[in-house]
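Beneath this line is the structure, given in structure tokens, with notes to follow.
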Amino acid sequence: MQQLLAVFGGQRLGLTAFTLLAVAVTVPTAWLSWTLVEKRMLRLKDLGRTPAPVAA
């Protein structure tokens, strides 16, 4: 995200504003990624596996 902001001129805002803007863009993007993609894929991780036999 920081690279995209820099490409579009975000560095002109100064270090503090650039950092705050980067965080403000990154956190919601990361949350969306977790919610819409990663969490669903983790549910599929164990799908189709048979449980390991338990030693008695």
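The values are calculated or read from the model by the stated rules, or taken from the named source; none is laboratory data. Keep in mind that this is a model prediction, so the values were computed, not measured. Using ideal geometry, Cβ is built from the backbone for each residue, glycine included, and neighbour counts are taken over all protein chains shown. Only protein heavy atoms, including side chains, enter the accessible area calculation; ligands, DNA and RNA are left aside. Shrake-Rupley method; radii C 1.70, N 1.55, O 1.52, S 1.80 Å.
Report the full-extension gain for the segment Ala55 to Leu21: residue separation times 0.36 nm, less the Cα-Cα distance, to one decimal in nm.
On the way: separation 34, 0.36 × 34 = 12.24 nm, distance 5.42 nm.
Length gained between Ala55 and Leu21: 6.8 nm.
Rolling a 1.4 angstrom probe over the protein heavy atoms, how many square angstrom per residue are accessible across the chain? Write out the running numbers ahead of the final one.
Values: 5080 Å² over 56 residues.
For the chain, the solvent-accessible area averages 91 Å² per residue.
Please report, as a whole percent, how much of the solvent-accessible surface of the chain comes from carbon and sulfur atoms (probe radius 1.4 Å). Please list the in-between numbers first.
Values: 3470 of 5080 Å².
Taking all protein chains in place, the chain shows 68 percent carbon and sulfur surface.
Tilt of helix 15-33 relative to the longest C-alpha principal axis of the chain, in degrees (0 to 90, nearest 10)?
For 15-33 against the chain, the angle is about 30 degrees.
Select from the chain those trypsin sites (Lys or Arg not before Pro) which occupy a DSSP coil region and have at most 10 other Cβ atoms within 10 Å, ordered by residue number. Mind dumping the intermediate values first?
Numbers: sites: Arg12, Lys39, Arg40, Arg43, Lys45, Arg49; in loops: Lys45, Arg49.
Listed in order of number, the matching sites are Lys45, Arg49.
With +1 on each Lys and Arg Cβ and -1 on each Asp and Glu Cβ, and nothing else charged, work out how big the dipole of the chain is about its Cα centre, in Debye to the nearest 20.
On the way: 6 positive and 2 negative charges, 28 e Å.
The calculation lands at about 140 debye.
Based on the inverse mean of 1/r over its pairs of different Cα atoms, what is the Kirkwood hydrodynamic radius of the chain, in Å? Walk me through the numbers before you get to the answer.
Working: mean 1/r = 0.0696 Å⁻¹.
The Cα-based Kirkwood calculation yields 14.4 Å.
Probe 1.4 Å, all protein chains in place: accessible area of Thr16 in Å², nearest 10?
Around 100 Å² of this residue is reachable by solvent.
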